[in-house]
Amino acid sequence: MSDFGGKVAYLSGAMQIQPESLEPSAEMRAQWEQVHQDMRKEFGEAIFRSWLRPLALQAYYHGTMEISVPTRFMRDWIQNHYASRILEMCAQANADIKRVQFVVVQNSTSADAEPVGASADSQSSSSAQALANQNRKEAIAALASPLDPRFKFETFVIGKSNALAHAAARRVVESMSVPFNPLFIYGGVGLGKTHLMHAIAHAMEEFWPAKTVMYLSAEKFMYQFVRALRSNETMNFKEQFRSVDILMIDDIQFIAGKESTQEEFFHTFNALVDQNKQIIISADRAPSDLAGIDERLRSRLAWGLVADIQPTSYELRLGILQAKRAQLKASVPDSVLEFLALKVTSNVRELEGALNRIVAHADVAKQEITLETTQEVLQDLLRSHDRRVTIDEIQKKVAEHYNLRLTDMHSARRARQVARPRQVAMYLAKLLTARSLPEIGRKFGGRDHTTVMHAVRKVEELIGDDSQVAQDVDVIRRALVG
Ligand code: ADP
Ligand code: MG
């Protein structure tokens, strides 16, 4: 029964049919007023204004004080952050108070944060408005791109490389107002940009159901725009895009060179920013690197917060695989996950694909997953990663990248500006070829295999800690495997 505790208590209060018995006494109202004011001192003006001011005493029964909040999001937030202290303060004011319960009550004065849905039907006065809102949402949904139900915050694994983008995305959802405009997220393919945007959309739907969120690819934006032009519906188009609370455009690089679409997007962008509506953009590169995008627009895109997603580190890849294994409820040995995390480094999409393949294969073949079956099933994929890359090529590319001579790769020089690139080359050799550690060591001026192992570990570590190294490695790797 215990997990129904809250609900049962709430119902037993609500079922007391004589509403007057729920009505708090004048004395209690005064006590609440005092406590509410004290919160301002206790938590500070900013927190009070963002979270606590809308709290209102709703009812009292059997030692339970019922406090209303305007949205589910606020209720959860207050529950997690302030509830225990608020209870203490209430109990201090009136020893009869044993519990404080936060309930979501629609408040017509805070139209901005007004939720629809579950509680809307209890308020017939706002049902017409809820319906209108519903219709508007449906019209918006028809223009938008579909959301993947798996792309949620709960399923997003955080590492150093994506921590900033993740925190920024959370902030958009958790803020009462627009924290930065626009939020610009960029990074290589398959690194989680779309996942984060969908996560924002899902969380908004959950916590701020009255807000209209529109997510679409830049390609779809262009398509909708061109279609509106053709059918003389641009007014309608403009109006719909300007009516949303959050507009998310994925892969903005797509509109490079598409001038009229850019022009339209620029106006939409400005109109929304003027109304203080949130805009979130993703791209495969930084705003300043978006060739083919008008200078005005490029500089606008960098106005707010620019958050990049770096290539994954070994730890993050392993973390993602572990999470995915749990989701799939598959029994995959750790050694296989480690192997995949080491070998499939291009992006998360490919990493997930590899895991899915071995799990599906084991399922069909009714075979246990081992390192051997994994290598067999993923032969083509692993080969494409090993694709004709030789240690010589790696050494050449690395030397070029760092402006060194090729002989520096074999030399015994230990100066850092030579030793570090050499370690990068060893790391790439381990990653991209099927050569063993001793073989690699031999190719680097006859070094010991432990030296190679150390280099591999060191570079892995640096990729996690040093975005310059991460970027260098990524650039060289891409130059090698295409
Ligand atoms: P992008 O839009 O950057 O090209 P996606 O968001 O489509 O990449 O991500 C590709 C795949 O990798 C998706 O299935 C996504 O769920 C997964 N993915 C990416 N990053 C993460 C992460 N940090 N945690 C869990 N899954 C991730
Ligand atoms: Mg994407």
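Bear in mind that the values in this text are calculations on the coordinates, not laboratory data. Here the structure is a predicted model, which is why all the values come from computation and not from measurement. Quick reminder, even Gly has a Cβ in these numbers, built from the backbone with ideal geometry, and neighbours come from all protein chains shown.
Just a few scattered comments:
- Spin-label model distance (nm) - R442 vs S260, 7 Å beyond Cα toward Cβ: 6.5 nm
- Under 29 Å from the Cα of K430 - lysines, other chains or at least 8 residues apart: K160, K193, K324, K343, K396, K397, K443, K458
- Within the same chain, lysines fewer than 8 places from K211 are excluded, and of the rest, those with a Cα less than 16 Å from its Cα are K137, K277.
- Tail weight of P(r) past 14 Å, computed on alpha-carbon pairs of the range 38-84, percent: 54 percent
- The charge dipole of the range 142-309, taken about the Cα centre with unit charges on the Cβ atoms of Lys, Arg (+1) and Asp, Glu (-1), comes to about 120 debye, rounded to the nearest 20.
- Taking amide H positions as modeled 1.01 Å from N, with prolines and chain starts lacking one, the residues under 5 Å from Q58 and 5 or more places away or on another chain are E66, I67, S68.
- Once C-alpha pairs closer than 8 Å and six or more residues apart are averaged by separation and normalised to the residue number of the chain, the relative contact order reads 11 percent.
- Quarter the surface of the alpha carbon convex hull of the range 9-104 and you get the mean projected area, 5.7 square nanometres.
- When L147, L328 are arranged by Cβ crowding within 10 Å, least crowded first, meaning fewest neighbours, the order is L328, L147.
- Under Karplus coefficients 6.51, -1.76 and 1.60, residue-wise ³J(HN,Hα) of the range 396-406 in Hz, glycine/proline x: 5, 5, 5, 4, 4, 4, 9, 6, 10, 8, 4
- Calculated SAXS-style log₁₀ I(q)/I(0) at q = 0.06 Å⁻¹ - the chain, Debye, Cα scatterers: -0.40
- All-pairs alpha carbon distance profile, the range 142-309, 10 Å steps from 0, percent: 10, 43, 37, 10, 0
- Taking a ≥ b ≥ c as the square roots of the eigenvalues of the alpha carbon gyration tensor, the range 314-386 is oblate, as a/c is not under 1.5 and a/b does not beat b/c.
- 3J(HN,Hα) couplings calculated from phi for the range 257-274 with the Karplus curve 6.51 cos²θ - 1.76 cosθ + 1.60 (θ = phi - 60°) are, in sequence order, x, 9, 5, 5, 5, 4, 4, 5, 4, 4, 5, 4, 3, 5, 4, 5, 4, 4 Hz; Gly and Pro show x.
- Linear extension gain, H62 paired with R230, 0.36 nm per residue minus alpha-carbon span: 54.0 nm
- Neighbour-count ranking [beta-carbon atoms within 10 angstrom, fewest first] of D408, D380, D448: D380, D448, D408
- Set of aspartates and glutamates with alpha-carbon distance to K366 below 18 Å, sequence-local pairs under 8 removed: E376
- Per-peptide packing, taken as the mean over residues of other Cβ atoms within 10 Å, places 282-288, 411-417 in the sequence 282-288, 411-417 from highest down.
- Annotation: the antiparallel percentage among DSSP beta bridges lying fully within the chain is about 15.
- Relative protection proxy for 41-49, 449-457, from highest mean packing down: 449-457, 41-49 (other beta-carbon atoms within 10 angstrom).
- Global form of the range 391-481, assessed from the alpha-carbon gyration tensor, a/c cut-off 1.5: rounded
- The range 334-400, relative contact order [Cα under 8 Å, separation at least 6], %: 29 percent
- When you count the other C-beta atoms within 10 angstrom of each residue and take the mean per peptide, 401-407, 94-100 line up highest first as 94-100, 401-407.
- 222 nm mean residue ellipticity, helices alone, for the chain (DSSP H n ≥ 4; -39,500 (n - 2.57); rounded to 500): -17000 deg cm²/dmol
- FRET efficiency estimate (nearest 0.05) - Cβ-Cβ, N135 to R49, R0 35 angstrom: 0.55
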